[in-house]
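Just below is one structure, and these are the notes that go with it.
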Amino acid sequence: MLSVVLIIIAAIFFTGIIIRTKSLASGRKGPGILQPVHDVIRLFRKGVVYSETTSFIFQLAPSVYFASIIMAMLVVPFGRSGGVLGFNGDFIFFAYVLALGKFFSIIAAMDTGSSFEGMGASREALYSMFAEPAFFILMGSLALLSGHTSFQEIFAALHIGSQISYALAALATFVLLMISMIENSRMPVDDPKTHLELTMIHEVMILDNSGFDLGLILTGGYLKFAIYGALIVNLFIGVIPYEYAIPAFFGIQFLMAVTIGLIESFMARFRMSHNPQFIVALTSVSLLIFFGVLLILQKFM
Amino acid sequence: MIGIYLLGSFAIALSLFFSRNKLLVYTLLGLSLLVQALFTIYAGFHAGEIELIYFTYDSLGMILLVTLSIIAIPAAIHSYIYIENHKENPQARAIYLSSLVLLITAISAGYLSNHIAVTWIFTEITTLSASALIYHHRNKLALEGTWKYVFICAISITFIFIGILFLSLSLQHTGSDDLSFKNLLARSNELNPVWLRMAFLFIFTGFTAKLGLVPMFTAGIDAKDTAPAPAGALLASVLMNLGFVGIFRFYIVVANTPLLHWAQLVVGSAAFLSLFVATVYMLKVKNIKRMFAYSGIEHMGIVMLGVAAGGIGYYAAVLHVVLHAFVKSSLFFQFNQLYRVFQNKSIYHIGNYFKYNATGAMVLLLGFISTTAMPPSGLFVSEFLIFKSIFDTGHILLLVVVLLLLTMIIWSFGKNIFKILFIPVPDFDEQNIEIIKPWESVSQFLLLATAVYLGLNPPPFFVQLLNDSVSLLPG
Amino acid sequence: MIHVLLIIFLITLFYMAIANRLMTYIKVLALQGVLLFFVVFIQLNEINTLNLILILLETIVFKSLAVPLFLGYLLKRNNITREAEPFLPNFVSLVITTCIVVITILISNTIIDDHLDKIFFVVALSTLFFGLYLIATRRKIITHVMGYMVIENGVFVLSLAIGNEMPMLVNLGIMLDIFASVLILGIFLNKIGDVFKDVDVDQLSNLKDY
C-alpha cells in the first residue's frame, strides 16, 4: 500500500519538476511545479467531444489505458513492503498490463481514421515492440540472479556487493531509465514539445482526445513515470528501513526528473530512422547484463 | 651458417636499397645469388642438423631450398632483362632488386624453420617484400593489386597467429610450451583435440593466402597479375611452396593424432573447391597472366588432394610441388617475352607467336604440355600418382569429377595457348615489334627439362629426400 | 574488475556497430586500447618494469595514440567524408553483432577447459568476428583498416585468454607486425587517395579476368 501512496505523491510533482528544470536550463522562470496537476484538473472539469467517425473503441480506450496503469501500479513494491498485489511472475503481468493499455490507445488512434494518428500508432507499436525484449531480458536476469520471480522478492534479494554487480546495477539502471523514456515517449526517442505532426509519436496519437479523456491519458502518463522511477528506486533500496528508504525514494525520483529535464534541454531527438537501432541496443546491453549474471552465478566459467 | 646467410642477405638487400650505381647493383645481385648457392650447398652437406635452435636442414626444406636456389638464378637474369628493357630509373631498380633478394631470403628461411612461430615471422616478411615487388609499376592497377594482396595477407597472417594461439592452448594440456614441430609431433597424442581443430582451421586458412587455395586465393591472383613477370614467377612458384610448407608441416602433426580423418576432410574439400573455382575461372579468363595464375590454383588443388588422400599421395604431392615450381616459373618468365612482342595481356590481342618468336613459342608449347601434365612432362608422373592415391582411397566419384574438371581446364588452356601460337590477330601492326633473342629462352628450356628429368627419371638421392620428407606421415 | 572492463569492451562493439561517423570509430578504437591496458595491468601478477613498458607501448602508446592519430591523419589528408557508409543499415548491423555475441557465448559454453578464461574467450571471439563483419559491410577502404585493428584487438584479448606467457620476442613481433601492417596499409591508402578520386572499395575493381 505504501508504494501506491508514494508513487501518487511522486507523480504529482514529477512532470512539474521536469518542466521546471527545462525552463531554468533555458533561462526562463517557468510555471509552478504543480502546473501539470492544475492542467489535468481543468481537463477533468470539461466535457468530451467525440468525432463522428469514431466508434465505441475510441471512447473506451482512455479508460482502459488509465486502468491498465493503475493495475501496473498495484504490483510495484516498495522495499520491504510489497505491492498491493504481488505474486510470482508479477513482472510479466506488469509488462503486459501496460501493453494492454498501449494496445487500446493504439487501436483508438487507428479508429479515428486520421493518417497522422495511424502513423503515430504504428511508430509507438514498433518502439514498444523493440523495447519489450530489453525489459524481459533485464528482469529475467535479475530473477535469475535473485532466484525469485516476483518484483518484491527479486528486489529484496538483490545483493550488490562485488564490482561486477555494481557494473550490472549501473547498466540495469541505464536500461530501465531508457525503457521508461521510451514507454513515456520522452526525449531521445520522442519529443513531447514538437509541433509538427509528422515528427510526433505519442502526441499525435491523442490529437483527437479532449476534455476528460485527455485528462485521463495525461494523468496516466504522469503515473507511468513515477512507476518506472519506483522500479529504479527499488533496485537500490533493497530492504533498508523506511526512515532511510522514503527519503531515498523521493531523492532518486527527484534526481531522475532533473536528469530527464536536463537531457531534454541539451539533447536533440534522434532521427526517426535511428530510433529502432537505439532501442535494440538496449536489448543488446541487457543481454550483456544476462551474461554478467551468468558470470556472477558461476554458471559460465 | 644460417645466421651468417640471413645477415649477409639482409645486408645485401639493404645496400641494394641504397645503391644507385648500375654496376654496383648487379654485382650485389650476383653476390646474393652466390650467397644463396653457397648456403644451399652448405645445407646439402649438413642435412638434418639444427642451427640457431629454430632452423633445421630437413629433407622437405632441402628439396624446396634447392628448387628455390635454382629458380632464383633465372629470376635474377630475367629481372635484369626486364629492368634494362623498361629502362627503369635507379630508384625503382634498387627497390625492386632489394625486395627480390629479401623475398628469396625470407622464403629460404621460412622453408627451413622448424618452429611454427618462426615460419609465421618469415611469411610476414615475404608479404612485405612481395608487396614492394607488386607495386613496382606505380600505377592504378598495381596499386589495386598491392592493396588487395597486403590486406588479405595481413588478415591471413593474423589468422595464422590466432591458430598458433590455439595451438599453444592445445599444447598446454601436455604441460609443455615448445611450439617446434618436433615437440608437437612427439606430443601429438596428448594435444587437446578441440583446440587442435581450431588451430588447424585457422592456420590452414591463413596459409591458403600464400598457397593459393580456397578461401584466400584471390589476393595471390591479383598479385601475380600486377607484379613484373620475373617477380610473378617467384610468387607463382616458390612463394606458393612456402604456403605448402607451412600447411604440410602442421598437417604432419595433425595426421599423427586421431584428427587425421577430419583434417583429410578439411584439406580435401578446400582442395576440391579450389579445383572447381580454378576451372570456372579458367573457362572464362582472357588475361594470359591470370590464366597462368589460375592454373597454379588448380595445381595446388591437386597437390592438396594428394595430401588428403594419403598413401603414395604424400610423396606425389611433394614431387608435384617441386615440378610445378619449375614449370610455372618458366611460363611466367616466358610471359615477359610474350608481352614485349605484343604489348598486351589479353588473348584478343595476342596471336601467331610462332611467327614473331619461334624459340619463345616453343617454350610456351612445351610449357603448356608440361603444365597440363601430358605424358612427357614430369607433372604427369606426380599427377598420375595422386590420382592413384585417390583411387586407392575408394573415392571413385571424386576422381571422376576431378578428371572432368581437369579435362575442362586442359581444353580451355589449350584453346588459349594454340590461339596464341598459331592464329594471327586481325590488324596487328608488325612494323615495330621487338625481336627477342633466342638465348633469353634458354633458362626456360632448362627449367622445363629439369621438370621432365626429375619426374621421369628421378635420381636416387632425390627419391630418398622425397621419401624422407613424408616419412613422418602415417600410412 | 576485469569482467567489468571486458563487458564495457563488448558494449564498445555495439556502439561501433551503430556509429555513423568515422571519427567515432577512431575514438572507439582508442577507448578499446585504454580498456585493454587496464585489463592487462590488472591481470599482471608482478609488476616488472620491462613488462610494464612493453604493455604501455603496445596498448596506450600504440593502440590508443599512434594508430588513432594516424587514422585521423589519413582521414584528413584524403578528404574522406565523415560518414561510414555501410552496405547494410545500422539496425541490421546491431542485430548481427548481438547475434555474434550470443553465438560466441553459446559456443564457449560447450567448451570445458581449465586453461582458458571463458569471458576472455567470448570477448576475443566476438571481437574477431565483429572485425570481419565490419570489413565486409563497410564501403570505405579506411574502414577496412579499422576492421583490421578491431581484429587485432580481438587477437590481443585472445592471447590474454590463453594466459600462457607468450615469449617476449613473439609479443614484440606481433606489435611490430601490426605496426608495419597499419603503416603500410596507411601508405597505400594515401596512394589510393592520390590516384583515385574516391576512397571507396568500388574503385578497386579494375583487375579483371578479361
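Checked across the range B:69-86, the condition of being in contact with a Pro (Cβ under 9 Å, 6 or more places away or on another chain), without any contact (Cβ under 8 Å) to a residue 60 or more places away in the chain, open to solvent by less than 10 Å² (accessible area, probe 1.4 Å) and over 30 Å from B:Gly455 (Cβ atoms) holds for at least one residue. Which members of the range B:251-266 meet the condition of being buried (at least 24 other Cβ atoms within 10 Å of the Cβ) and in contact with a Phe, Trp or Tyr (Cβ under 7 Å, 6 or more places away or on another chain)? Result: B:Val253, B:Val254. Put simply, of C:Ile80, C:Ile100, C:Ile60 the only residue that is assigned to a loop (DSSP other than H, G, I, E, B), β-branched (Val, Ile, Thr), buried (at least 16 other Cβ atoms within 10 Å of the Cβ) and more than 10 Å from chain A (Cβ to nearest Cβ) is C:Ile80.
Inspect all residues belonging to the range B:454-472 and state whether any of them is buried (at least 16 other Cβ atoms within 10 Å of the Cβ) and under 28 Å from B:Ile288 (Cβ atoms). Yes; the residues of the range B:454-472 include at least one that is buried (at least 16 other Cβ atoms within 10 Å of the Cβ) and under 28 Å from B:Ile288 (Cβ atoms). When the range A:196-233 is filtered for residues that are open to solvent by 10 Å² or more (accessible area, probe 1.4 Å), part of a loop (DSSP other than H, G, I, E, B) and in contact with a helix residue (DSSP H, G or I) (Cβ under 9 Å, 6 or more places away or on another chain), the ones remaining, listed by number, are A:Met200, A:Ile206, A:Leu207, A:Asp208, A:Asn209, A:Ser210. The set of residues in the range C:1-52 that are open to solvent by 20 Å² or more (accessible area, probe 1.4 Å), closer than 17 Å to A:Ala281 by Cα and under 16 Å from the mean Cα position of the chain (by Cα) comprises C:Ile8, C:Ile11, C:Tyr15, C:Ile18, C:Thr24.
Residue by residue, here is whether (1) open to solvent by less than 10 Å² (accessible area, probe 1.4 Å); (2) at pLDDT 90 or above; (3) at the interface with another protein chain (Cβ under 8 Å from one of its Cβ atoms) holds:
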{"residue": "B:Ser129", "(1), (2), (3)": "yes, yes, no"}
{"residue": "B:Ile134", "(1), (2), (3)": "yes, yes, no"}
{"residue": "B:Arg138", "(1), (2), (3)": "no, no, no"}
{"residue": "B:Ser156", "(1), (2), (3)": "yes, yes, no"}
{"residue": "B:Ser168", "(1), (2), (3)": "yes, no, yes"}
{"residue": "B:Thr174", "(1), (2), (3)": "no, no, no"}
{"residue": "B:Asp177", "(1), (2), (3)": "no, no, yes"}
{"residue": "B:Asn192", "(1), (2), (3)": "no, no, yes"}
{"residue": "B:Arg197", "(1), (2), (3)": "no, yes, no"}
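Taken together, the residues in the range B:207-248 that are surrounded by fewer than 24 Cβ atoms within 10 Å (Cβ to Cβ) and of a type in the set (Lys, Arg) amount to 0.
Answer yes or no: is there a residue in the range B:212-219 that is farther than 13 Å from B:Ala130 by Cα, away from every other protein chain (no Cβ under 11 Å) and hydroxyl-bearing (Ser, Thr, Tyr). Scanning the range B:212-219 turns up no residue that is farther than 13 Å from B:Ala130 by Cα, away from every other protein chain (no Cβ under 11 Å) and hydroxyl-bearing (Ser, Thr, Tyr).
Among all positions in the range B:292-305, there is no residue which is of a type in the set (Asp, Glu) and in contact with a Lys or Arg (Cβ under 6 Å, 6 or more places away or on another chain). The residues on offer are B:Phe202, B:Phe276, B:Phe292, and the sole one that is touching a Gly at 6+ places or on another chain (Cβ under 9 Å), surrounded by fewer than 24 Cβ atoms within 10 Å (Cβ to Cβ) and not assigned by TED's automatic domain parsing to the domain that holds B:Ile77 is B:Phe276. Filter the range B:351-392 for residues that are among the acidic types (Asp, Glu) and farther than 11 Å from B:Ala316 by Cα and give the result. Answer for the range B:351-392, where residues must be among the acidic types (Asp, Glu) and farther than 11 Å from B:Ala316 by Cα: just B:Asp392. Among residues of the range B:458-475 that are in a helix (DSSP H, G or I), those with a beta-carbon under 7 Å from a residue that is among the polar types (S, T, N, Q) and surrounded by 12 or more Cβ atoms within 10 Å (Cβ to Cβ) at least six positions away or on a different chain give the pairs B:Leu465/B:Ser59; B:Asp468/B:Ser59; B:Ser469/B:Ser59. Identify, please: which residue in the range C:103-122 is open to solvent by 60 Å² or more (accessible area, probe 1.4 Å) and among the polar types (S, T, N, Q) and is, among those, nearest to the other protein chains (Cβ to nearest Cβ)? Of everything passing the filter in the range C:103-122, C:Asn109 is nearest to the other protein chains (Cβ to nearest Cβ). Annotation: C:Leu125 fulfils all but one of (1) modelled with pLDDT of 85 or more; (2) away from chain B (no Cβ under 11 Å); the unmet one is (2). Restricting the range A:10-38 to residues that are closer than 11 Å to A:Phe254 by Cα and aliphatic (A, V, I, L, M), the residue that is most open to solvent (accessible area, probe 1.4 Å) is A:Ile17.
Here A:Leu297 meets the list (1) under 23 Å from A:Leu168 (Cα atoms); (2) more than 14 Å from every other protein chain (Cβ to nearest Cβ) almost entirely, failing just condition (2).
Among (1) more than 16 Å from A:Val175 (Cα to Cα); (2) touching a helix residue (DSSP H, G or I) at 6+ places or on another chain (Cβ under 9 Å); (3) surrounded by fewer than 17 Cβ atoms within 10 Å (Cβ to Cβ), there is one condition A:Leu255 misses while meeting the rest; what is its number? With respect to (1) more than 16 Å from A:Val175 (Cα to Cα); (2) touching a helix residue (DSSP H, G or I) at 6+ places or on another chain (Cβ under 9 Å); (3) surrounded by fewer than 17 Cβ atoms within 10 Å (Cβ to Cβ), A:Leu255 is out only on (2).
Checked across the range C:53-71, the condition of being under 16 Å from the mean Cα position of the chain (by Cα), without any contact (Cβ under 8 Å) to a residue 24 or more places away in the chain and more than 27 Å from C:Ile142 (Cβ to Cβ) holds for no residue. When each of C:Leu116, C:Leu94 is tested for being at pLDDT 90 or above and either part of a loop (DSSP other than H, G, I, E, B) or within 21 Å of C:Ile7 (Cα to Cα) (or both), the lone residue that passes is C:Leu94. All conditions but one from (1) away from chain C (no Cβ under 11 Å); (2) buried (at least 24 other Cβ atoms within 10 Å of the Cβ); (3) not aromatic (Phe, Trp, Tyr) apply to B:Ala94; the one that does not is (2).
The values are calculated or read from the model by the stated rules, or taken from the named source; none is laboratory data. If you're wondering where the values come from, they're calculated on a predicted model, not measured in any experiment. No Cβ is skipped: glycine too gets one built from the backbone with ideal geometry, and neighbour counts run over all protein chains shown. Heads up: the accessible areas ignore ligands, DNA and RNA and are worked out on the full protein's heavy atoms, side chains in. Shrake-Rupley method; radii C 1.70, N 1.55, O 1.52, S 1.80 Å.
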